[in-house]
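Undergrad: Once you've had a glance at the structure underneath, I'll fire off some questions.
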Amino acid sequence: MRGGLAFGVRVLRGLAQVMLLDDARAGAVFGLALLAADWRYGVYALGGAALGTGAASVLGVARGRIRTGLEGFNSCLTALGFAVFLDASRPATMLLAVAACLVVTVVTATVVRLLQVWELPTLTLPYCVLACAVLVAAPAFRRIRPPGPSIAALPRVASGPTVLRPQDVGGAFFRNLSQVFFLDEWYAGALLLVGLFLASRVAGWMACSGSATGIVTAWALEAPAARIADGTMGYNAVLVALALCGVFLSATPATLTYALLGAATATALTPAAAALLSPSGGRPLTWPFVLTTLAFLAAARAFPRITGARTPAAPRPGPPAPT
Amino acid sequence: MRGGLAFGVRVLRGLAQVMLLDDARAGAVFGLALLAADWRYGVYALGGAALGTGAASVLGVARGRIRTGLEGFNSCLTALGFAVFLDASRPATMLLAVAACLVVTVVTATVVRLLQVWELPTLTLPYCVLACAVLVAAPAFRRIRPPGPSIAALPRVASGPTVLRPQDVGGAFFRNLSQVFFLDEWYAGALLLVGLFLASRVAGWMACSGSATGIVTAWALEAPAARIADGTMGYNAVLVALALCGVFLSATPATLTYALLGAATATALTPAAAALLSPSGGRPLTWPFVLTTLAFLAAARAFPRITGARTPAAPRPGPPAPT
Amino acid sequence: MRGGLAFGVRVLRGLAQVMLLDDARAGAVFGLALLAADWRYGVYALGGAALGTGAASVLGVARGRIRTGLEGFNSCLTALGFAVFLDASRPATMLLAVAACLVVTVVTATVVRLLQVWELPTLTLPYCVLACAVLVAAPAFRRIRPPGPSIAALPRVASGPTVLRPQDVGGAFFRNLSQVFFLDEWYAGALLLVGLFLASRVAGWMACSGSATGIVTAWALEAPAARIADGTMGYNAVLVALALCGVFLSATPATLTYALLGAATATALTPAAAALLSPSGGRPLTWPFVLTTLAFLAAARAFPRITGARTPAAPRPGPPAPT
């Protein structure tokens, strides 16, 4: 019974880690937001987090990672991605999601090991690698491919009006959050923001400023208003802002500036990830967030003006950190 | 004379290393399988292994690598790939293969150095990098390009019946082996299996279970029966199974399960590699094997239930291992 | 005043580092070549080098890197690339170039940190990553995209006569240099060569032999004569030859051979980079130079016959070298 409760807390922390938090209450609110948007998405996300956490326990992964939810968020997103892109109601999608949650636990261990040379976190890189590979492979398999022709296409020049109306801005502000979980509903984004503030005031404000930076950057570069309004231009900016000010770098005026530069960079690069994967039938997922954040974190040590003090620490080869 | 014999043994070990063995007798049987399928393929493969081994000697590579055939298998596959994809009878193909065997020796040293940080083996990564680059560049050069239009194309949805007939299964079982050497003939696969059992009973059985896993996975996901029967869905599964149970991880029930999970993963990801490279005119080669095996090997340390004991060894920076 | 002079020297060294030199006089000649071809290109290049050098100072990057121009050459090429590919006269291009120079300073710190594990130099990798991403993302933003349809296309088989006329050879020889700075004018290449000889006789001769190797390789493989004559087949060969004989490896007969093998490899792989990026709308930039040089440098330690002596040095994790 107590074991079940502890496991439940870890699963909710897995959901919370999608937004880089280790707070079970925030995870519970995120779960509510998913269930409110589509109950099947909620089931896939919770089931994915549970499977990843469980698989890591069975395989004997270091306890500290499991306890803080770090073994649950990549499997959560993987299962959720399958539900969104491959048809949530098919039994084949469910079975495949179960298998993928097992494999993503392996890929998480891979990424932990590769990136520890530079003391970098995994972020959602394991999910990006596996989900992208499965989406790209899907048209080859009748059991899992979505109906209709392949989505593989050469990238085209964006079209459509670029003037933002007030309701576009409001919708974009919240959908930049909800798209982190593939949700189109603005109220899901509002609920996610509640969860963020519940866990940490800094996290809540960074999510707001990341979303605003995403909107301003996309507007200044004249992206189509429809792309801004549906949140697909700005969800990476939210995650970058969260990661670079308060989570992996402590929150200071200098890191705030650095984080917003990162958020603007991730916004400008989101169409680049889409264009690079589009001819193969892939999707940008959270690649722009992962690559921008890893780049800015790896670079931060070279900038004493950002990190506050010269950090002479060398890349320390060592065993996987136990916590 | 004795030097010539020793060199010949190393060349045959180079052939054997394509299947991760260092047994000259197995290499001799593999050579026979190639000659039986097409004598020119046999000449290119043996010549490639000899050139790579020779180039490494001239450049002063550590003796241990040369003695065990580790400097011959990437050049063997590179030369063979040129014979298969660029027209084996043209003198230009021969000259280019000679040059490529020299360059792949350099790329092998690169990959050894890059991956030693994580204590990972090179596998066929040097071959994949170089052969893929040359295939993609070939249409730009009249001297080497294959006749006809470029094979670059957007990936399409697979079509064709998915019901496997008994003869499909039998053919697939052996062709999953023969396709490692680009061979379509089932009897070449049978001969390769003889070579594997000759070198190691574990290797023979792992090749069989890898091939079976590849067939079952592709069938369960409903790949077209023709793709399963010709061996192009399953050759990566054979190599992954060999690598993860008996070669780089010791053979135990736990690593057997792990290896078969890896084999299934590589099978599902084979069309992903094809789709990612197809718009540029590339081919999947052994990318799925290389990436899956490296990922599963890097991850294995985090799983004491798989490796049998907590391995606290850190990524050890050091000079290229002399053996 | 003296500070301004010191800063100016650093900016000119930034220009010189595009050709791997740290000589301000060479940088001044390179600047002249740019101004002679198109004054706006000169302004963007000098402005880019100044912005990168300035941003690195503000961020507190190690002084040794700033003094030798190592913080100026990636921003120089980034700004220049924007001028060439996105329309130099638009204010939006200028503002974007300023922002990109700041971001490329971050990416430079990232690459320094990632590659120091193997003691490899950054080369123009930061520029390649950022410029490629922006070019690929540009069609999504009305403010920055070039007029006309997207350049994304499947790679095609090259066509056109392959017989080189004398004037083709002469033009190619100098344009293989000028294309390093995206310039089509042969006299710009001649001026660049003057700058190289001014800084170092070895550098001048290596640029000549790299250019010649590029022409011979492309001709032997039968690339279209027009592609050879305009310098787009050979500019990577020039840079590889410079890097591998005299800059990162000391100039000896052995490294000369090694450098020319590298130059030939980079020439053959230039269309590969183009084909891999073309379906997404990217350009090869200096990717072939970067990848070939990093591979040959990482490999060099394994070849005592090339480096002159067994170098048992391990990949030394440590802080960014101060010089």
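The values are calculated or read from the model by the stated rules, or taken from the named source; none is laboratory data. Quantities reported herein were computed from a predicted structural model and do not represent experimental measurements. Virtual Cβ from ideal backbone geometry, glycine too; neighbours counted across all protein chains shown.
Undergrad: What do you reckon, is C:Leu125 more than 21 Å from C:Val247 (Cα to Cα) and touching a helix residue (DSSP H, G or I) at 6+ places or on another chain (Cβ under 7 Å)? Show your work before the answer.
TA: Numbers: more than 21 Å from C:Val247 (Cα to Cα): no; touching a helix residue (DSSP H, G or I) at 6+ places or on another chain (Cβ under 7 Å): yes.
In short, no.
Undergrad: Can you give me the number of residues within region B:55-100 that are more than 16 Å from B:Ala131 (Cα to Cα), touching a Phe, Trp or Tyr at 6+ places or on another chain (Cβ under 8 Å) and assigned to a helix (DSSP H, G or I)?
TA: Of the residues in region B:55-100, 1 are more than 16 Å from B:Ala131 (Cα to Cα), touching a Phe, Trp or Tyr at 6+ places or on another chain (Cβ under 8 Å) and assigned to a helix (DSSP H, G or I).
Undergrad: Exactly one condition in (1) farther than 25 Å from A:Ala237 by Cα; (2) more than 14 Å from chain B (Cβ to nearest Cβ) is not met by A:Asp22; state its number.
TA: Unmet for A:Asp22, out of (1) farther than 25 Å from A:Ala237 by Cα; (2) more than 14 Å from chain B (Cβ to nearest Cβ): (1).
Undergrad: Kindly indicate whether any position in region B:248-257 is crowded, with 24+ Cβ neighbours inside 10 Å and touching a Leu at 6+ places or on another chain (Cβ under 7 Å). Don't jump to the end; show me each part of the working.
TA: Pass one, region B:248-257, residues crowded, with 24+ Cβ neighbours inside 10 Å: none.
Within region B:248-257, none of the residues are crowded, with 24+ Cβ neighbours inside 10 Å and touching a Leu at 6+ places or on another chain (Cβ under 7 Å).
Undergrad: Can you tell me which residue within region A:146-166, out of those that are farther than 26 Å from C:Pro149 by Cβ and out of contact with any Asp or Glu (no Cβ under 9 Å at 6 or more places or on another chain), is farthest from the other protein chains (Cβ to nearest Cβ)?
TA: Kept after step one, since they are farther than 26 Å from C:Pro149 by Cβ, are these residues of region A:146-166: A:146-147, A:165-166.
Pick out the ones that are also out of contact with any Asp or Glu (no Cβ under 9 Å at 6 or more places or on another chain) and you get A:165-166.
Details: A:Arg165: 17, A:Pro166: 21 Å.
Of everything passing the filter in region A:146-166, A:Pro166 is farthest from the other protein chains (Cβ to nearest Cβ).
Undergrad: Of the residues C:Ala172, C:Ala79, C:Ala158, only one is closer than 28 Å to C:Ala207 by Cα and under 16 Å from the mean Cα position of the chain (by Cα); which?
TA: Unique residue meeting the criteria: C:Ala79.
Undergrad: Right, next: Could we say that B:Ala251 is within 13 Å of chain A (Cβ to nearest Cβ) and either in contact with a Cys (Cβ under 6 Å, 6 or more places away or on another chain) or more than 30 Å from B:Arg145 (Cα to Cα) (or both) here? Even if it seems obvious, please write down each step before you answer.
TA: Values: within 13 Å of chain A (Cβ to nearest Cβ): no; either in contact with a Cys (Cβ under 6 Å, 6 or more places away or on another chain) or more than 30 Å from B:Arg145 (Cα to Cα) (or both): yes.
Against the criterion (within 13 Å of chain A (Cβ to nearest Cβ) and either in contact with a Cys (Cβ under 6 Å, 6 or more places away or on another chain) or more than 30 Å from B:Arg145 (Cα to Cα) (or both)), B:Ala251 does not qualify.
Undergrad: I've got another one for you. Answer yes or no: is there a residue in region C:292-312 that is modelled with pLDDT of 95 or more, surrounded by 24 or more Cβ atoms within 10 Å (Cβ to Cβ), within 25 Å of C:Ala199 (Cα to Cα) and more than 12 Å from chain B (Cβ to nearest Cβ).
TA: Checked region C:292-312: no residue is modelled with pLDDT of 95 or more, surrounded by 24 or more Cβ atoms within 10 Å (Cβ to Cβ), within 25 Å of C:Ala199 (Cα to Cα) and more than 12 Å from chain B (Cβ to nearest Cβ).
Undergrad: Right, something else. Going through B:Leu59, B:Leu35, B:Leu86, B:Leu95 one at a time, which residue ends up being away from chain C (no Cβ under 14 Å) and over 25 Å from B:Ala300 (Cβ atoms)?
TA: Numbers: B:Leu59 fails: away from chain C (no Cβ under 14 Å); B:Leu86 fails: away from chain C (no Cβ under 14 Å); B:Leu95 fails: away from chain C (no Cβ under 14 Å).
Of B:Leu59, B:Leu35, B:Leu86, B:Leu95, the one residue that is away from chain C (no Cβ under 14 Å) and over 25 Å from B:Ala300 (Cβ atoms) is B:Leu35.
Undergrad: Which of (1) touching a residue at least 40 places away in the same chain (Cβ under 8 Å); (2) under 20 Å from A:Ala274 (Cα atoms); (3) out of contact with any Ser or Thr (no Cβ under 6 Å at 6 or more places or on another chain); (4) not small (Gly, Ala, Ser) is the odd one out, the single condition C:Val136 does not satisfy?
TA: Checking C:Val136 against (1) touching a residue at least 40 places away in the same chain (Cβ under 8 Å); (2) under 20 Å from A:Ala274 (Cα atoms); (3) out of contact with any Ser or Thr (no Cβ under 6 Å at 6 or more places or on another chain); (4) not small (Gly, Ala, Ser), the one that fails is (3).
Undergrad: Any idea which of A:Phe85, A:Phe30 is farther than 18 Å from A:Thr122 by Cβ and crowded, with 24+ Cβ neighbours inside 10 Å? Outline the logic, then answer.
TA: Values: A:Phe85 fails: crowded, with 24+ Cβ neighbours inside 10 Å.
Exactly one residue qualifies, and that residue is A:Phe30.
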